[in-house]
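Just below is one structure, and these are the notes that go with it.
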């Protein structure tokens, strides 16, 4: 998980400082890459296993599950509000609401990036969240504790060098679960409406009747 997750962190750190950073998956080359103004920032080989799109009340969610070359599975979610709306809740409350099957704990906040552990019974997820002006959230999570802790340590040292994947031949391992089961968030009309996750810009959280 380390290579891909760290690559995503590089992207997240640069969002506020750069004009047009993008995450792109090249289906032909099977490379998950991050670019800024057409310049490559970081890349890692990964295979897309599953993707899904949800549309809720004033919220659009794009979810993708990847298997990495070391066999780890990561889920990446891009969450947008519709025009003229922003997220109404704190990041802590959003995480608590959309991962309601887990107990969430904030470990660290560095700028607009939040590091969480999510626990239930014998399972732990390691979650990274970036809040971009309350209009877009980037979520990246998996189960690799060592990679997560190494990333946190590196980011605290402001180590944001370009990351490249290895050049060895990749043998992807099949996941143990259905790929869709790696999506652990619980976005729904119920939690988006009754938890009032969004509001109009400059207004109060919208109440539905």
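Filter region 88-97 down to the residues that are outside any helix (DSSP H, G or I) and either within 15 Å of residue 189 (Cα to Cα) or at pLDDT 90 or above (or both) and list them by number.
Once the filter is applied, which keeps residues that are outside any helix (DSSP H, G or I) and either within 15 Å of residue 189 (Cα to Cα) or at pLDDT 90 or above (or both), region 88-97 yields only 90.
Can you tell me which of (1) modelled with pLDDT of 90 or more; (2) in a strand (DSSP E or B) is the one residue 100 doesn't meet?
Residue 100 satisfies all of (1) modelled with pLDDT of 90 or more; (2) in a strand (DSSP E or B) except (2).
Exactly one condition in (1) surrounded by fewer than 17 Cβ atoms within 10 Å (Cβ to Cβ); (2) at pLDDT below 90; (3) under 26 Å from residue 195 (Cα atoms) is not met by residue 76; state its number.
(1)
What number of residues in region 167-209 are in a loop (DSSP other than H, G, I, E, B), touching a helix residue (DSSP H, G or I) at 6+ places or on another chain (Cβ under 8 Å) and either at pLDDT 70 or above or over 28 Å from residue 116 (Cα atoms) (or both)? So that I can check it myself, show each step before the final result.
Step one: of region 167-209, the residues in a loop (DSSP other than H, G, I, E, B) are 167-178, 183-188, 195-197, 201-204, 206-209.
So of that shortlist, the ones also touching a helix residue (DSSP H, G or I) at 6+ places or on another chain (Cβ under 8 Å) come out as 175, 185-187, 195, 197, 208.
Now drop any that are not either at pLDDT 70 or above or over 28 Å from residue 116 (Cα atoms) (or both), which leaves 185-187, 195, 197, 208.
Number satisfying all stated conditions: 6.
Give region 115-139 a look and list any residue that's under 23 Å from residue 200 (Cα atoms) and buried (at least 18 other Cβ atoms within 10 Å of the Cβ), or say none.
Once the filter is applied, which keeps residues that are under 23 Å from residue 200 (Cα atoms) and buried (at least 18 other Cβ atoms within 10 Å of the Cβ), region 115-139 yields 129, 130, 131, 137, 138, 139.
Given the conditions (1) modelled with pLDDT of 85 or more; (2) outside any strand (DSSP E or B); (3) closer than 16 Å to residue 72 by Cα, and given that residue 126 satisfies all but one, which numbered condition is not satisfied?
The failed condition is (2).
Given (1) farther than 16 Å from residue 113 by Cβ; (2) in a strand (DSSP E or B); (3) modelled with pLDDT under 90, identify the lone condition not met by residue 23.
With (1) farther than 16 Å from residue 113 by Cβ; (2) in a strand (DSSP E or B); (3) modelled with pLDDT under 90 applied to residue 23, the lone miss is (1).
The values are calculated or read from the model by the stated rules, or taken from the named source; none is laboratory data. No experiment lies behind these values; they were computed from the predicted model shown. No Cβ is skipped: glycine too gets one built from the backbone with ideal geometry, and neighbour counts run over all protein chains shown.
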